[in-house]
């Protein structure tokens with residue numbers, strides 16, 4: 001497990017496409033390898049990633065950004081995606097990536113590590129793999145009761161910005 005390097009971007013893109021299939025949206029990925037390179041390796045990046053390797057190959061990734069809480073007055077990490085390829089699941093890679101983000105939070109004095117999980121994945125997949133809800137619970141995570149994730153997408157952003 002280590003910070004992402006430019007040569008890892010094709011593997012990250014493959015994992016992102018695999019995640020889209022897993023989350024029932026195989027055609028939803030619009031980003032490209034160039035988009036990822038620009039974001040992850042900018043002069044002042046706003047998004048970061050760590051990768052998990054097995055036998056010298058990237059098999060998992062945690063993509064994250066820094067967040068801020070006005071209530072705590074401190075930064076935190078927002079986990080954008082935690083992805084482990086289907087062939088590498090149950091190998092401890094997801095736990096290692098999550099542990100690394102927790103370590104970064106503690107090291108930097110961050111007070112929160114937040115993420116969202118698609119409700120439809122609670123039961124797991126058709127191959128009998130357990131869903132991510134149980135994984136996160138086993139590692140100390142808990143769903144935020146009473147909260148619903150909301151989003152303003154491109155069309156909504158344009159409409160609101162133009163009003």
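Quick notes on this structure:
- Verdict on residue 118 being surrounded by 12 or more Cβ atoms within 10 Å (Cβ to Cβ), at pLDDT 90 or above and under 28 Å from residue 3 (Cβ atoms): no
- Qualifying residue in region 18-26 (condition: within 25 Å of residue 140 (Cα to Cα), out of contact with any strand residue (DSSP E or B) (no Cβ under 9 Å at 6 or more places or on another chain) and in a loop (DSSP other than H, G, I, E, B)): yes
- So residue 9, is it more than 26 Å from residue 153 (Cβ to Cβ), in contact with a helix residue (DSSP H, G or I) (Cβ under 8 Å, 6 or more places away or on another chain) and buried (at least 18 other Cβ atoms within 10 Å of the Cβ): no
- Against the list (1) more than 11 Å from the chain's Cα centre (by Cα); (2) under 19 Å from residue 11 (Cβ atoms), the condition residue 83 fails is (1).
- Hey, residue 66 surrounded by 14 or more Cβ atoms within 10 Å (Cβ to Cβ), without any contact (Cβ under 8 Å) to a residue 60 or more places away in the chain and over 25 Å from residue 109 (Cβ atoms) or not: no
- Residue in region 137-149 that is under 16 Å from the mean Cα position of the chain (by Cα), modelled with pLDDT under 85 and surrounded by 15 or more Cβ atoms within 10 Å (Cβ to Cβ) present: yes
For every residue, the table says whether it meets (1) within 13 Å of the chain's Cα centre (by Cα); (2) under 23 Å from residue 112 (Cβ atoms).
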residue	(1), (2)
6	no, no
14	no, no
26	no, no
30	no, no
34	no, no
39	no, yes
50	yes, yes
60	yes, yes
63	yes, yes
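- For region 1-17, the candidate set comprises residues that are part of a helix (DSSP H, G or I) and out of contact with any strand residue (DSSP E or B) (no Cβ under 6 Å at 6 or more places or on another chain); within that set, the residue that is nearest to residue 132 (Cα to Cα) is 16.
The values are calculated or read from the model by the stated rules, or taken from the named source; none is laboratory data. In this text the structure is predicted, and so the values were computed from the model without any measurement. Using ideal geometry, Cβ is built from the backbone for each residue, glycine included, and neighbour counts are taken over all protein chains shown.
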